[in-house]
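Undergrad: So that we are looking at the same thing, I have put the structure below in structure tokens.
Read-outs: derived from the displayed coordinates by stated rules, not from any lab. The structure displayed is predicted, hence computed values, not measured ones. Note: ideal-geometry Cβ built from the backbone for every residue, glycine included; neighbour counts use all protein chains shown.
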Amino acid sequence: MSEMRFDGKVAIVTGAGGGLGKAYASLLAERGAKVLVNDLGGDFIGNGANGGYAARAAEEIRAEGGEAEANGESVGTAQGAAAIVEDAMVRWGRIDILVNNAGIVSGSGPIATITDAQWTNDLAVSAGGTFWLCRAVWESMKAQDYGRIVNVASGSWFGMGSGVPYPAAKGAIWAMTRALASASQANGWNIKVNAIMPIAGSRMTALMGEPINGLMQRDFPPRAVAPVVAMLAHAEAPSNGEMFSVGGGGYARVFAGVSQGYRGTDKDWSPEDAIAHFDEAFTTERFSVPASSMDEAELYTSEVPWDVFRQFVA
């Protein structure tokens with residue numbers, strides 16, 4: 001296969017002042033993309049702002065021969081997201097690629113200790129930022145009949161042991177990815193939206209001290225995640241509405257499936273009937289991977305015309 005290039009393409013990468021975001025931005029620029037390096041420059045939990053992070057990252061990319069400009073707006077508000085998109089449009093006149101990487105972890109620990117502010121901040125930056133940026137680029141991508149969006153979720157979606165806001169925000173990103181991809185497919189738009197769950201050394205692993213951070217940086221460096229982001233951001237991206245676990249030089253599909261289950265037809269069944277069929281409902285030996293909520297509903301026996309619902313939600 002020929003080299004996957006991005007010549008003539010314009011990309012926005014949020015949270016790109018360092019770590020994973022910088023790795024994504026650098027690879028896209030190395031392959032020919034014009035990159036807007038966005039980073040508010042706050043700390044890991046979302047405090048403060050420092051435009052130097054984005055400026056240094058953009059300068060380093062330029063020093064390596066790439067084309068990049070810095071942007072220090074926050075993704076945590078609709079106004080900030082709109083300003084990021086406007087910046088790219090003024091500079092280059094179009095946006096082809098959006099990588100929603102920015103995120104914070106302001107609230108962790110038992111749910112009883114999570115404050116309203118921590119919940120609001122985590123959702124605003126990770127989930128809100130993804131929503132606001134996607135909304136801000138969507139119409140222009142439709143108008144040019146081209147767009148590639150890579151959303152950054154997290155394995156915390158599977159359960160984190162402690163902390164609720166961050167996994168909740170990352171789960172919302174997965175849901176948004178599916179919803180946008182479904183809309184694009186239903187309408188025949190050339191916009192592909194996928195997500196990744198990266199495993200890499202980061203500011204979070206740095207807080208764990210050595211040797212943990214050293215091992216993470218050695219075995220799961222940020223640069224090892226970037227190739228999959230670039231693949232999903234490319235014109236030949238092979239999927240839409242999918243999520244991949246990525247780290248250490250490999251990747252794997254992550255999907256939500258529905259077991260064959262117990263598909264009864266008695267509408268007056270009881271709790272005792274339900275528990276009697278629990279093993280049938282619970283087993284994953286046979287399962288489906290629905291492409292949409294309507295596909296999942298169709299697994300039940302009924303005469304409901306689900307195509308009507310498809311048209312309603314398209």
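Undergrad: Provide, as a two-decimal number, the C-alpha radius of gyration of the range 72-168 over 2.2 N^0.38 Å, N being how many residues it has.
TA: That ratio works out to 1.22.
Undergrad: Something else: Report the equivalent ellipsoid semi-axes for the range 212-293 in whole Å, largest first, defined as the square roots of five times the eigenvalues of the gyration tensor built from alpha carbon atoms.
TA: 41, 18, 8
Undergrad: Between A78 and R135, with labels modelled 7 Å along Cα→Cβ, what's the label distance in nm to one decimal, could you check?
TA: Computed distance between label sites A78 and R135 equals 0.4 nm.
Undergrad: To continue, here is another question. Shape verdict for the range 93-235, please, from the Cα gyration tensor: rounded (a/c under 1.5), prolate (a/b greater than b/c) or oblate.
TA: Because a/c hits 1.5 or more and a/b fails to exceed b/c, the range 93-235 counts as oblate.
Undergrad: Related question: Past the 18 angstrom mark, what percentage of all C-alpha to C-alpha distances in the range 143-193 do you count?
TA: 41 percent
Undergrad: With everything on Cα atoms, drop me the angle between helix 19-30 and the longest principal axis of the chain, reported from 0 to 90° to the nearest 10.
TA: In the chain, helix 19-30 runs at an angle near 70 degrees to the longest axis.
Undergrad: Please arrange W269, W157, W138 by counting, for each residue, the other beta carbons lying within 10 Å of its beta carbon, fewest first.
TA: Final ranking by Cβ density, sparse to dense: W269, W138, W157.
Undergrad: Here is a further query. E285 label point, 7 Å along Cα→Cβ, cut-off 19 Å on backbone N: hits in the range 238-272?
TA: Under cut-off, by backbone N: 257-264.
Undergrad: So what's the range 10-122 giving for Cα Rg divided by 2.2 N^0.38 Å, two decimals?
TA: That ratio works out to 1.11.
Undergrad: Right, next: Which whole number in µm²/s is D for the chain by Stokes-Einstein, with the Kirkwood Rh taken over Cα pairs at 10 °C and 1.306 mPa s?
TA: Stokes-Einstein gives a translational diffusion coefficient of 77 µm²/s.
Undergrad: Can you tell me the orientation of helix 52-63 relative to the chain, as the angle in degrees between its alpha-carbon axis and the longest Cα principal axis, to the nearest 10?
TA: 70 degrees
Undergrad: Please list, in chain and number order, the residues 5+ apart from M243 or on another chain whose amide H is under 5 Å from its amide H, with Hs placed from the backbone.
TA: Those qualifying (amide H under 5 Å, at least 5 residues apart or on another chain) are A195, V254.
Undergrad: Still on this structure: For the chain, modelled as a Gaussian network with Cα springs under 10 Å, which listed residue fluctuates most, K192, K142, K170?
TA: Looking only at K192, K142, K170, the largest GNM fluctuation is found for K142.
Undergrad: In addition: Can you tell me which of 107-115, 61-69 comes out highest on packing, and rank the rest after it, using the mean Cβ neighbours within 10 Å?
TA: 61-69, 107-115
Undergrad: Taking one equal scatterer on every alpha-carbon of the range 164-314, how large is log10 of I(q)/I(0) by Debye at q = 0.22 1/Å?
TA: Log10 I(q)/I(0), no solvent term: -1.36.
Undergrad: Let me ask another. Taking the Cα centre of the chain as origin and charging only Cβ (+1 Lys, Arg; -1 Asp, Glu), how large is the dipole, in debye to the nearest 20?
TA: For this selection, approximately 840 debye.
Undergrad: Setting aside same-chain residues fewer than 8 positions from K142, which lysines have a Cα under 18 Å from its Cα?
TA: K9, K192
Undergrad: Connecting C-alpha atoms closer than 10 Å in a GNM of the chain, tell me which of A281, A55, A78 has the biggest fluctuation.
TA: Maximum fluctuation in the GNM of the chain, among the listed residues, is at A281.
Undergrad: Each label point is 7 Å from the Cα along the Cα-to-Cβ direction; what then is the distance between the points at A276 and L215, in nm?
TA: Placing both labels 7 Å beyond Cα along the Cβ direction yields 5.1 nm.
Undergrad: Quickly estimate the mean residue ellipticity at 222 nm for the chain, helices only: each DSSP H run with n ≥ 4 gives -39500 (n - 2.57), and the total goes over all residues, rounded to 500.
TA: -12000 deg cm²/dmol
Undergrad: Roughly how many Å is it from the Cα centre of the range 238-294 to that of the range 1-22, as a whole number?
TA: Each part reduced to its Cα centre gives a spacing of 34 Å.
Undergrad: In addition: Check I12: other-chain or 5+ apart residues with amide H under 5 Å from its amide H, H built from backbone geometry?
TA: L36, I97, L98, V99
Undergrad: When the Kirkwood radius is taken over all Cα pairs of the range 258-313, what Stokes-Einstein diffusion coefficient follows at 20 °C and 1.002 mPa s, in µm²/s?
TA: Approximately 168 µm²/s, per Stokes-Einstein.
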